[in-house]
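Peer 1: Quick one: this structure, given as structure tokens, is what I'll be asking you about.
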Amino acid sequence: MPRRLVILGGGTAGTMAANRLRRELPDWDIVVVDRDNEHHYQPGYLFLPFGTYERDDLVRPRVRFLPDDVRLDYGDVDHVDTDSSTVHLVDGRTMPYDQLIIATGTHPTPEETPGMLGSGWNRDVFDLYSLDGAAALADALATWQGGRLVVHVCELPIKCPVAPLEFAFLADSHLRETGRRDQTELVYVTPLDGAFTKPVASRELGGRLEERAIHLEADFMVDTIDEDRKVLTSFDDREVAYDLLVTVPVNRGAAFVGRSGLGDELDHVKVDSATMQSTTADNVFAIGDAANLPTSKAGSVAHFAVDVFVDNFVDHVNGRPMHREFDGHANCFIETGDNKAMMIDFNYDTQPLPGQYPLPRVGPFQLLKESRVNHMGKLAFRWVYWNLLLPGRPMPLSSDMSMRGKIPEKEHAA
Amino acid sequence: MIAQIDGRDVHVDEEGFLTEYDDWDEALAATLAGNIGLALTDRHMEVVSFLRRDYVDQGETPTLRRVTATGGFPTRELFKLFPGKPAKKMSYVAGLPKPVGCV
């Protein structure tokens, strides 16, 4: 009987893994489990409120990106019994596995913050990280006449931690273009002590906020939202008023992860950061946003991580020691408005630094610097995502981070 | 790097967080707390003890959410005990590495 690999989640990481492993493990039975057949291009949500994309640009059937001989099974996971290596679905079905990959991502949970899901939800309080939220926000922005527009992050980690900053930059540029910036006060509220987590990028991005007169409210950990008074209150009783709130709710992994005893406090799967193997069961792995890797939750991390994961996984199922270690490498574009973007490239140990990528001096992408080419790269990425990334086709980029082209902190400061 | 605190050598990073678990004791905690304007109470020490125990169990400094969820200390109280930046201040007084910020 062929051995069976069950992949929970047919999103970015699960789909990439299914395609790569289908080629590597031709005699295995591979099943992907997901609730539905809608694959969303999540990086596109950011552009929806500004009319760059429409809903239809961002949704494709999941099956289209899966190999013919990988089955997509619809179901909701109740829990995983790691002792008997069995997935239990909510409808009562069970799925035994030899190996399990959890790729169920991380998701906004507005119910975690008291008051968020009140009468103002999708009226003057919006979540940017869902297709419905981003679409509702597009309508609100279209009729916006001015006032206090607050962009807010509840708690880290969140997926794509630069997206709320990008939204603030794009809103600034969009409101200027449409003659409404002077009537709008823009505020960025974050639990971090600056614009971003790591010092060099935080300084650069903080400078960009200042240039654009976007007020930064740092060290703000929200306790409650009062949707009648339109006020955010922090745990140390500071208040931020808003007319329109774009908030990033607490992000949590899938609830079954917690029920299966595999997760941390936020239901992200506890894994070894080099191999992505569960610290609880050695035939369970977690890839993409579902894992509690100490790095950004983003498709680009998943992309480089899956490269390393696939090699290791093939070793693992053949009884060999896993020989590769993921270094946390990722890069991403940061939209800064006016058809420009920055790019950052980093790993577990190296913070985002200025320079060029992937080639020193040549680029074409500029690290931590705004350019039009970066913006073109960001828009072109949608094609790359559907056509190269998901099918697991080779990309001309190394999964290990390189210092070539980067300017270390000391030289940069000099 | 090495810093002199209370007349003895301790290992610290560039922001002053201790990097060696065993350099710490309760007397040092009081001095570290004083450095950031805190007068330690028994309740502070309960939080600090949880952090140090959890660090040994998990191999990393717990996040604010973990201190709340697993340690049972309400977030609001942590903000009262360690005003402004509780996650950072708790780990500083507990002599643990700064919690890993996710990029």
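Peer 1: Which whole-number percent is the relative contact order of segment A:251-320 (Cα, under 8 Å, 6+ apart)? Please list the in-between numbers first.
Peer 2: On the way: 89 pairs, mean separation 14.9, N = 70.
Computed value for segment A:251-320: 21 percent relative contact order.
Peer 1: Below 8 Å, C-alpha to C-alpha, sequence gap of six or more: please give me the relative contact order for chain A in percent.
Peer 2: On the way: 887 pairs, mean separation 67.1, N = 414.
It rounds to 16 percent for chain A.
Peer 1: A:His79's amide H: which non-local residues (gap 5+, or another chain) put their own amide H closer than 5 Å, with H modeled 1.01 Å from N in plane and none for Pro or chain starts?
Peer 2: A:His88
Peer 1: Cα-based Rg (one decimal) and Dmax (whole number) for the protein assembly as shown, in Å?
Peer 2: 23.3, 70
Peer 1: Just the number, please: percent antiparallel of the DSSP beta bridges in segment A:110-250, rounded to the nearest 5. List each step's numbers first, then the result.
Peer 2: Numbers: 7 of 26 bridges.
Close to 25 percent.
Peer 1: Let me check against my output: what whole-number percent is the relative contact order of segment B:8-103, with C-alpha pairs under 8 Å and at least 6 apart? Intermediate values should be presented prior to the final figure.
Peer 2: Details: 102 pairs, mean separation 34.9, N = 96.
This gives 36 percent for segment B:8-103.
Peer 1: Using each residue's phi in segment A:61-75, evaluate 6.51 cos²θ - 1.76 cosθ + 1.60 at θ = phi - 60° and report the 3J(HN,Hα) Karplus result to the nearest Hz, with x for Gly and Pro.
Peer 2: The phi angles translate into x, 4, 4, 4, 9, 9, x, 4, 9, 10, 8, 9, 10, 8, x Hz.
Peer 1: Largest first and to the nearest Å, give the Cα extent of segment A:9-53 along each principal axis.
Peer 2: Principal extents (Cα only, largest first): 47, 21, 10 Å.
Peer 1: Using amide H atoms built 1.01 Å from N in the peptide plane, name the residues 5+ places from A:Glu185, or on other chains, whose amide H lies under 5 Å from its own.
Peer 2: Sorted by chain and number, the residues that satisfy this are A:Gly147, A:Arg148, A:Leu149.
Peer 1: How large is ³J(HN,Hα), in whole Hz, for each residue of segment B:6-19 in order, when computed from phi with the Karplus curve 6.51 cos²θ - 1.76 cosθ + 1.60 and θ = phi - 60°, using x for Gly and Pro?
Peer 2: 6, x, 9, 7, 10, 8, 9, 8, 5, 9, x, 6, 5, 10
Peer 1: Where nothing but the Cβ of Lys and Arg (+1) and of Asp and Glu (-1) is charged, how large is the charge dipole of segment A:110-250 around its Cα centre, in debye to the nearest 20? Show your work: numbers first, answer last.
Peer 2: On the way: 13 positive and 26 negative charges, 103 e Å.
Approximately 500 debye in magnitude.
Peer 1: Next question. With runs of 4+ DSSP H residues as the only contributors, calculate the mean residue ellipticity of chain A at 222 nm using -39,500 (n - 2.57) per run, divided by the residue total and rounded to the nearest 500. Intermediate results must be reported in sequence, preceding the final value.
Peer 2: Working: 8 runs with 95 residues, N = 414.
After summing the helix terms and dividing by the residues of chain A, the value is -7000 deg cm²/dmol.
Peer 1: Please turn the phi angles of segment A:248-253 into ³J(HN,Hα) values with the Karplus equation 6.51 cos²θ - 1.76 cosθ + 1.60 (θ = phi - 60°), one per residue in order, whole Hz, x for glycine and proline.
Peer 2: 10, x, 3, 9, 10, x
Peer 1: Any idea how far the Cα center of segment A:37-89 sits from the one of segment B:1-60, in Å?
Peer 2: So the separation of the two Cα centres works out to 45 Å.
Peer 1: Reachable aspartates and glutamates from A:Lys270, Cα under 13 Å, same-chain residues fewer than 8 places away excluded?
Peer 2: List returned: A:Asp282, A:Asp289, B:Glu60.
Peer 1: For A:Gly263, what residues show an amide H to amide H distance below 5 Å, using hydrogens built from the backbone and excluding near sequence neighbours?
Peer 2: A:Lys270
Peer 1: Moving to a separate point now. Can you give the % of DSSP beta bridges in chain A that are antiparallel, to the nearest 5? Each step should come with its number before you reach the end.
Peer 2: Details: 37 of 75 bridges.
Once the DSSP bridges in chain A are tallied, antiparallel ones form about 50 percent.
Peer 1: Other chains near A:216-228: what is the mean number of their Cβ atoms within 10 Å of each residue's Cβ? Intermediate values should be presented prior to the final figure.
Peer 2: Details: counts 0, 0, 2, 4, 0, 8, 0, 3, 0, 0, 0, 0, 0.
Per residue, the number of nearby Cβ atoms from other chains is 1 on average.
Each reported figure results from applying straightforward, stated rules to the coordinates on display, with no laboratory input. Treat the numbers as computed from the prediction; the structure is a model and nothing was measured. Ideal geometry is used to build each Cβ from the backbone, glycine not excepted, and the neighbour counts take in all protein chains shown.
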